[in-house]
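The values are calculated or read from the model by the stated rules, or taken from the named source; none is laboratory data. All figures in this text were calculated on a predicted structure; none of them were measured in a lab. Positions of Cβ are backbone-derived with ideal geometry, glycine not excepted, and every protein chain shown enters the neighbour counts.
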Amino acid sequence: MISLSDYNHPHSPHSLAVSVKDLGLTYTTSIDKKPTLKARLRTLGRGKKHTRVVNALSDVNIDVHYGAVLGVIGSNGAGKSSLMRVISGIVPPTKGRVEVYGSVSTLLALGVGFNPAMTGRDNVYLGGLAAGMSREDIDQNFDAIADFSELGEAIDAPMRTYSSGMYARLAFSVAAVVEPDILIIDEALSTGDAKFKEKSLNRIKELRSSDRALILVSHALATIEDVCNEVVWLNKGTLMARGNPSEVIAQYRTFVNARKSASSDEDV
């Protein structure tokens, strides 16, 4: 169950922003299995569909308080994005309860919700509305969003002509200007040039305050350690550890047998 409330607004430091209790998420996927020649002859060429049950999240318990910058780490398939989608209300949980106290803006993946056939300008409005902004809010903030994205005249070009880096700039710019109570950023900093990554990180640091909660999902461990004051580590849908960033990251590095180097810091 997902519940939204604003009972403790305006938010005081350390008041609850997100409560995740006994969260479980299970889904079923279909797999087309190619039959052998013998099986094909027996079934007159019909393929057979097999189903696979995936436990994306299992009994996850997390509280996120205002003033926290929570980093979420784990290998691919660990359940990080699934957790963010449940917290954001995009996917309903199979089990457990999620309570969110405040407005939420999500940047779950680059370009999600954007229409490639539309211009960057039109997609600013599309993304802003999806993030909970009114058209009037977007009008007032459009120049700031466009300036932050550094797209120049390309803001009026169709997004199908954008590079992945340009997608990253526009997507992050919309999310960064909204200034919600709770901001969720999932791998939004993995694409783009080094200069814009640094600019985005600085913006995240500016958004850190006692009356806002940030959740940052990333493979970039150095970034997580620099920006966050708490870290959770997920593995195959299970919460493995939570606590001080340096300590949890050290446990994770040991688990994946990764060397502490510049390359592993940014791609584990």
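Name the helices (runs of 4 or more DSSP H) wholly inside region 146-239 in which the number of residues that are touching a Pro at 6+ places or on another chain (Cβ under 7 Å) is 2 or more.
The qualifying helices (runs of 4 or more DSSP H) are 221-227.
Please work out which one of (1) surrounded by fewer than 23 Cβ atoms within 10 Å (Cβ to Cβ); (2) in contact with a Gly (Cβ under 9 Å, 6 or more places away or on another chain); (3) of a type in the set (Val, Ile, Thr) is the condition VAL177 fails and give its number.
Just one mismatch for VAL177, condition (1).
Take the conditions within 20 Å of the chain's Cα centre (by Cα) and more than 29 Å from VAL100 (Cα to Cα) and apply them to MET118. Does it pass?
So MET118 does not fit the description; no.
Which of the residues spanning region 72-92 are assigned to a loop (DSSP other than H, G, I, E, B), surrounded by 15 or more Cβ atoms within 10 Å (Cβ to Cβ) and touching a Leu at 6+ places or on another chain (Cβ under 8 Å)?
Across region 72-92, the qualifying residues are GLY74, ALA78, GLY79, SER88, VAL91.
In the list VAL217, VAL231, which residue meets the criterion of being within 16 Å of the chain's Cα centre (by Cα), surrounded by 14 or more Cβ atoms within 10 Å (Cβ to Cβ) and at pLDDT 95 or above?
VAL231
Is region 76-90 home to any residue that is touching a Lys or Arg at 6+ places or on another chain (Cβ under 8 Å), touching a residue at least 12 places away in the same chain (Cβ under 8 Å) and of a type in the set (Ser, Thr, Tyr)?
No, the conditions are met nowhere in region 76-90.
Considering only region 152-171, state which residues are farther than 15 Å from PHE114 by Cα and either of a type in the set (Lys, Arg) or within 23 Å of the chain's Cα centre (by Cα) (or both).
none
Do the conditions hold for VAL112, that is, is it more than 30 Å from PRO158 (Cα to Cα), modelled with pLDDT under 90 and surrounded by fewer than 23 Cβ atoms within 10 Å (Cβ to Cβ)?
no
Scan region 236-259 and tell me whether some residue there is over 22 Å from LEU83 (Cβ atoms), acidic (Asp, Glu) and either at pLDDT 95 or above or in contact with a Phe, Trp or Tyr (Cβ under 7 Å, 6 or more places away or on another chain) (or both).
no
Give ILE138, ILE145, ILE185 a once-over and let me know the one that is in contact with a strand residue (DSSP E or B) (Cβ under 7 Å, 6 or more places away or on another chain) and surrounded by 16 or more Cβ atoms within 10 Å (Cβ to Cβ).
Answer to the check: ILE185.
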